[in-house]
């Protein structure tokens, strides 16, 4: 074995080793059942640390390409699925191996992994605390959920007609006038984005977003080969319209935005900004996706939704109950021009034959009975108490190291440190102390100033402990 | 306007007209708000029937490219989504415009459309009749469905751990020994196929199936650009192994099969055939997808599942409650090698963040309490009664025009006419009489002999009326 990784390659040493092992297997050099040289031998032969070998082998084991037998070393796995697995999602692989996204992606994987563990303090989680979920009321309400044989058969393509009627009425409170035919039910907002990416865009299309963006932490568009272009709203020298004009490619494009209680910043777009955005996009013929899943959680009044200001069918509106009632319900909705909704519904039917009829009937019951709005009213108060609690801690300790805006609702405070200390090292250091943060760089790869704090998940006690540990870790970095 | 469709083109007149109108719009010749010439004028100018124009315009209206105002003609639609919609799914479009699939596809669209109507006799529907759904028991059981705050939060990637435990125990009755970690929950079998096509195959992969096949009536693989190869099990001159070897391309391939109560034929693969298939595929390193959604509905004993005979992790097994408990539940599962399951679970999380927690808890409760098996025992008896009823009618009237096998369970009788009369004309003729059939050609484009009869959906009275109307329609065709 004479191969050594190339220290001048654009690929990391880790990636080169993984690729090299894959090549041995693909070429048939290491057929199924082959026992690999020991980790020590591989490390010596390649001139790398043993931990580098361990990491590479771990990745290949996770991918099912290698398997380990306790006390008996590492083998090439024994199943034909390997042949399939190894070539999956070339675009995705290419994407994650491009250097700028790598730490981003690894951090997200670590967050997903550590969120499952007990005893971890989750300071950034975009999810309601189990305490805030109305579990007992939900349980009791199940008795009153209307069920007919028709309801629990296969669904209409757009979902339960009664639920769409209820949503049509609910939307009017947001200033949106939509017939049930221009509403479709989806299994949460992420599925809406997934259907849009499958059904309305070809690879190479441009998706505009404002930086930082939640879209950088999920990948419905990226993994389908779309071009994501982040725009900088603050840039006075190169204003938004000019940025759009210069970045718009030859292919289709659309604009993704969370104008109300933005994720991750928590900001609310002003009425003027909304009008301007609609105007620019109408002029450029760029449809808009308005992600409005947090609006019910605003502590005060908010400007009207983009959709309610839209007279030309320019806006596709996404709502959801995941942030307000229960993520496990998997109920969201899309409101838009009927032909677009028809198309998305058709794609959904090809994908999963509709969302759970039981979830749909529960959502309908909660809307029709008033339980939903009653619950949101209470939830908003509880979130406000949590927001005040966190802000108090920040006021006490963080004034010398960071700035932030008073939260206007939702889950998040977008904490900005005075110094660019929010890097992967800080993330890992906190992880060792059982504190999980959502660093700004997962929403904007170049941002090392911000942390998305969430007051929605951790308990009051955990919030206090976590914020103290975070403060110490930052203070150490500063000194 | 001088353009006329070319009668010698490989495209239909309809397709040519649709394309021509699209081109006028794309080129900017007919900008937004343009009023089209009247249908009469267009028909005259192109030298075609007015109904041809009407059909073309209807398609473009359905796609949102044109819109009609009552009493005021047809216009180019007023929204920027057109720009997106027009280029969607080029592979799909190519697929449906290839002549052999067109009638197939149109028939499926008509079936989907007419299934929604009242007063239609559905002789082919692959769905339980509302009478057979345990609606009242389901409603009552909701009170006992266990719910914790953890259950109704975001799901683990593979789905509810308790449901996977329950399924692991349930699978042992099918001879399958699977840990909860090698099981994942999906929103029905179609989503399982969709995830496999997204997550394990690259475009151009080969999916083998036996003709006729359910896969021809849904399109998770076709629309993702996979090559579907139908094999002929009956061909004595060119046996299955030889067919596989000659058809296997350079890219990945897998074998899709419904060995137990096959859809649409209702047949059951013998133990010897199962062993042979496993052997051939193992030798060729072709993984197998075993679709086993009907097995609980067998009237007698069936051979063991392929998965239970599989010692090498060669088989990915799909189960579901859609055919046995409630389609609206949207609960299915996949059992397979753990790395493959991990990969599919990862793709599912990127797609919809998991299936409904409520549906999962209901499924778990029905499995753990024994309600599920109790229900299936009763359902099987009711289906048997329905099968006997339909067979009696066939024995009385159909012996001179058709042959069939006595159903061994499930929903279907695969009726074979003596003459190749099952074409689109027969389908449409029956539709006019409010009888909906599933013609054989939607499962095998070259088959004009078969009809998939389902005794699961229509009422006894409807079955009798429908089969009489069907008989008359066939008899007219024969004479």
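Residue count for region B:316-336, restricted to those that are facing chain A (nearest Cβ under 7 Å), crowded, with 24+ Cβ neighbours inside 10 Å and in contact (Cβ under 8 Å) with a residue 24 or more places away in the chain: 3. Here residue B:381 meets each of (1) assigned to a loop (DSSP other than H, G, I, E, B); (2) in the same structural domain as residue B:411 (by TED's automatic domain parsing) with one exception, condition (1).
Taking the listed residues B:350, B:360, the one that is within 13 Å of chain A (Cβ to nearest Cβ), modelled with pLDDT of 95 or more and not in a strand (DSSP E or B) is B:360, with no other qualifying. Quick check, is residue A:82 in a helix (DSSP H, G or I), modelled with pLDDT under 65 and in contact with a helix residue (DSSP H, G or I) (Cβ under 6 Å, 6 or more places away or on another chain)? No, not satisfied. Residues in region B:439-468 that are surrounded by 18 or more Cβ atoms within 10 Å (Cβ to Cβ) and either within 18 Å of residue B:118 (Cα to Cα) or out of contact with any helix residue (DSSP H, G or I) (no Cβ under 8 Å at 6 or more places or on another chain) (or both): B:440, B:454, B:456, B:457, B:458, B:462, B:463, B:466.
Which residue pairs have Cβ atoms under 7 Å apart, sit 6 or more places apart or on different chains, and have a first residue in region B:253-267 that is within 14 Å of chain A (Cβ to nearest Cβ) and a second that is in a loop (DSSP other than H, G, I, E, B)? As it stands, the answer is B:253/B:205; B:253/B:286; B:254/B:286; B:254/B:287; B:255/B:286, since those pairs meet every condition given. Each residue in region B:178-208 was checked for being more than 12 Å from chain A (Cβ to nearest Cβ) and either part of a loop (DSSP other than H, G, I, E, B) or surrounded by fewer than 21 Cβ atoms within 10 Å (Cβ to Cβ) (or both), and 4 pass. Considering (1) over 30 Å from residue B:326 (Cβ atoms); (2) out of contact with any helix residue (DSSP H, G or I) (no Cβ under 7 Å at 6 or more places or on another chain), the lone condition that residue B:268 does not fulfil carries the number (1).
On the stretch given as region A:276-301, residues that are within 14 Å of chain B (Cβ to nearest Cβ) and more than 20 Å from residue A:243 (Cβ to Cβ) total 1. When region B:337-347 is limited to residues that are within 7 Å of chain A (Cβ to nearest Cβ) and assigned to a helix (DSSP H, G or I), the one that is nearest to residue A:355 (Cα to Cα) turns out to be B:343.
Taking the listed residues A:426, A:383, A:430, the one that is within 22 Å of the chain's Cα centre (by Cα), under 30 Å from residue A:141 (Cα atoms) and more than 14 Å from every other protein chain (Cβ to nearest Cβ) is A:383, with no other qualifying. Looking only at region B:36-81, filter to residues that are away from every other protein chain (no Cβ under 13 Å) and within 29 Å of the chain's Cα centre (by Cα); which one of those is farthest from residue A:254 (Cα to Cα)? So, considering only residues that are away from every other protein chain (no Cβ under 13 Å) and within 29 Å of the chain's Cα centre (by Cα), the one farthest from residue A:254 (Cα to Cα) is B:55. Number of residues in region A:124-148 that are at the interface with chain B (Cβ under 8 Å from one of its Cβ atoms) and not in a helix (DSSP H, G or I): the value is 6.
Taking the criterion of being farther than 22 Å from residue B:343 by Cα and modelled with pLDDT of 75 or more, the residues of region B:209-226 that qualify are B:209, B:210, B:211, B:212, B:213, B:214, B:215. If you take the residues of region B:107-123 that are surrounded by 14 or more Cβ atoms within 10 Å (Cβ to Cβ) and not in a strand (DSSP E or B), which of them is nearest to the other protein chains (Cβ to nearest Cβ)? So, considering only residues that are surrounded by 14 or more Cβ atoms within 10 Å (Cβ to Cβ) and not in a strand (DSSP E or B), the one nearest to the other protein chains (Cβ to nearest Cβ) is B:115.
Among residues of region B:165-179 that are in the same structural domain as residue B:298 (by TED's automatic domain parsing), those with a Cβ under 8 angstrom from a residue that is surrounded by fewer than 19 Cβ atoms within 10 Å (Cβ to Cβ) and in a loop (DSSP other than H, G, I, E, B), sequence gap 6+ or separate chain, pair up as B:168/B:179; B:171/B:177; B:174/B:304; B:175/B:304. Do we find a residue being surrounded by 24 or more Cβ atoms within 10 Å (Cβ to Cβ), part of a loop (DSSP other than H, G, I, E, B) and away from every other protein chain (no Cβ under 14 Å) anywhere in region A:153-161? Within region A:153-161, none of the residues are surrounded by 24 or more Cβ atoms within 10 Å (Cβ to Cβ), part of a loop (DSSP other than H, G, I, E, B) and away from every other protein chain (no Cβ under 14 Å).
Inclusion of residue B:172 among residues that are surrounded by fewer than 21 Cβ atoms within 10 Å (Cβ to Cβ) and either more than 7 Å from chain A (Cβ to nearest Cβ) or touching a helix residue (DSSP H, G or I) at 6+ places or on another chain (Cβ under 9 Å) (or both) is warranted. When residue B:304 is tested against (1) assigned to a loop (DSSP other than H, G, I, E, B); (2) within 13 Å of chain A (Cβ to nearest Cβ); (3) touching a residue at least 12 places away in the same chain (Cβ under 8 Å); (4) on the phi < 0 side of the Ramachandran plot, only condition (2) is not met.
The values are calculated or read from the model by the stated rules, or taken from the named source; none is laboratory data. None of these values were measured; they are calculated from a predicted model. Every residue, glycine as well, gets a Cβ built from its backbone with ideal geometry; the counts of neighbours run over all protein chains shown.
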